[in-house]
Amino acid sequence: MEVWLAVEARRSETVKDKSVLLIVDLQIDFCPGGNLAVREGDRIVPLVNRLARGFERIVATQDWHPQDHVSFASNHPEKNPFDTVQTAEGEQVLWPDHCVPGTRGAEFHPDLDTLAFDLIIRKGSNRNLDSYSAFFENDHETPTGLHFYLQGLELKSVYLVGLALDVCVYYSALDALRLGFDVTLVEDSCRGIDTPPGSLKARLEEMKKAGVHILKTADVS
Ligand code: VGL
Ligand code: ZN
């Protein structure tokens, strides 16, 4: 009992009020050995677990695509991963098949402390429309529900971690800013794809210019 109280006391000292930790797509397919592996994607798991202990609210997203999804190169004859096609929403990058519900690759990394999650948002399940941001599908208007959830709890700031830094984390950060949140990216608790090379750095700069605070895990936890 005393130990428990001590743990709770320490927790409440460090908990960030009115903040949410948003863990983006920390799934097996985005980690080494997965279908759309991000280099060192698995390395962030212990950092994310540590960060999560300092937050009152934790939301995680899962990329969640049907097998016939528009973003899979395998659904476009004569196209390869990283080619592009035109869709109603504009240019769509094609990816290897990834994060198909029921496959192992769609699951969270097995070492991720998922019991701490308050909410899990699954995105990208409309076969005709991709969804990079945790807030909106790629038409930039169909909500995932996350904004309503954060508004309902009167949360004002969003701390972002996860995969991939230059795709889903990037789009989530910019949408969070647009929606009026104070946005912090915890850089070393993210990894990016960086294809083409240099795109990761450019997107980091863009986020910084737009007003995203960029911190290290040690500064937050
Ligand atoms: C992602 C590419 C395709 C991501 C998802 O989570 O960053 N990237 N689907
Ligand atoms: Zn995807």
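Structure notes:
- Of the residues Tyr159, Tyr149, the one with the fewest other Cβ atoms within 10 Å heads the list, and the complete ranking is Tyr149, Tyr159.
- Between 0 and 90 degrees, the angle of helix 199-210 with respect to the longest Cα principal axis of the chain falls at about 50 degrees.
- Order of Asp166, Asp63 under a 10 Å beta carbon neighbour criterion, fewest first: Asp166, Asp63
- Gain on full stretching of the segment that runs from Lys208 to Asp188 - 0.36 nm per residue minus C-alpha separation: 5.7 nm
- Ranked list, fewest to most other Cβ atoms within 10 Å of each Cβ, for Thr84, Thr217: Thr84, Thr217
- The peptide list 183-190, 137-144, 124-131, put in order of mean Cβ contacts within 10 Å with the highest first, becomes 183-190, 124-131, 137-144.
- Helix-only arithmetic for the chain: the sum of -39500 (n - 2.57) across DSSP H runs with n ≥ 4, divided by the residue total, places the mean residue ellipticity at 222 nm at -6500 deg cm²/dmol.
- The charge dipole of the range 10-80, taken about the Cα centre with unit charges on the Cβ atoms of Lys, Arg (+1) and Asp, Glu (-1), comes to about 520 debye, rounded to the nearest 20.
- Straight-line cross-link reach from Lys18 at under 19 Å between alpha-carbon atoms covers these aspartates and glutamates, not counting any fewer than eight positions away in the same chain: Glu8, Glu56, Asp118, Glu154, Asp175, Asp182, Asp219.
- In this structure, the residue pairs whose Cα-Cα separation is over 32 Å, taken from Lys79/Lys208; Lys79/Lys156; Lys156/Lys201, are Lys79/Lys208; Lys79/Lys156.
Every number in this text was worked out from the coordinates using simple rules, so none of it is lab data. Just so we're clear, the structure is a prediction, and the values are computed from it rather than from any experiment. Using ideal geometry, Cβ is built from the backbone for each residue, glycine included, and neighbour counts are taken over all protein chains shown.
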